[in-house]
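Before any comments, here is the structure.
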């Protein structure tokens, strides 16, 4: 009987030792699992942050192909009494500016007509930016602007900025905007200081952005802002064709 008891105690001791050994191995496996989980978490965080990692399908890094298009029509009018809203392109024209078909030196001037209606073509002079007070149909909107640089400056080019700001102490742009006007129907709107930036300039079109001041300490203004694409009409390009 005594021998049987000793045998059972010996077996129990061996079983306990084996259990402790298994527990020790299990602890090591748990550490490896934690390390694996941490690595997975780090990988997940890297993907979410947009880091460009090999094989990372969750990469959200912006590339050159995702850059904003510099030529988009998205103009709006705000601050008027009744004509606020988008200006749908009816006739967006750009005249003058550097162009291989110019017959005169208009390299440092650029005229814009951005109208939400069709500008009629003059029977004598053809296409052109309206001069003076334009004929605007009821419900129509048009912006006209004359951009210029000094005679001793480089020609108008992509990336340049023009302003109607008249306070010389605050002006730090490439050129000026003269004869700026915005009409809603027969009404000429009161427009604050305006900035036009040329975002693209080709032989066929001029693209840009417009932003303006809506309010000062003294008064409020109507504002045309957004982006535009204007077809280059080069009204004088064939002036001597029939000579």
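The values are calculated or read from the model by the stated rules, or taken from the named source; none is laboratory data. Remember, predicted model here, so these are calculated numbers, not experimental data. Every residue, glycine among them, receives a Cβ derived from its backbone with ideal geometry; neighbour counts consider all protein chains shown.
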*Hey, could you check the stretch 166-191 for residues that are part of a loop (DSSP other than H, G, I, E, B) and closer than 20 Å to residue 148 by Cβ and say which is modelled with the highest pLDDT?*
174
_Filter the stretch 109-128 down to the residues that are in contact (Cβ under 8 Å) with a residue 40 or more places away in the chain and more than 20 Å from residue 204 (Cβ to Cβ) and list them by number._
125
_I want to confirm something. Restricting to the stretch 79-99 and keeping residues that are within 18 Å of residue 119 (Cα to Cα) and more than 20 Å from the chain's Cα centre (by Cα), which single residue is surrounded by the fewest Cβ atoms within 10 Å (Cβ to Cβ)?_
90
_Quick check on the stretch 129-145. Is at least one of its residues surrounded by fewer than 13 Cβ atoms within 10 Å (Cβ to Cβ), in the same structural domain as residue 176 (by TED's automatic domain parsing), assigned to a loop (DSSP other than H, G, I, E, B) and touching a residue at least 60 places away in the same chain (Cβ under 8 Å)?_
no
*asked:* Can you report the number of residues in the stretch 107-121 which are within 13 Å of residue 233 (Cα to Cα) and more than 28 Å from the chain's Cα centre (by Cα)?
replied: 1
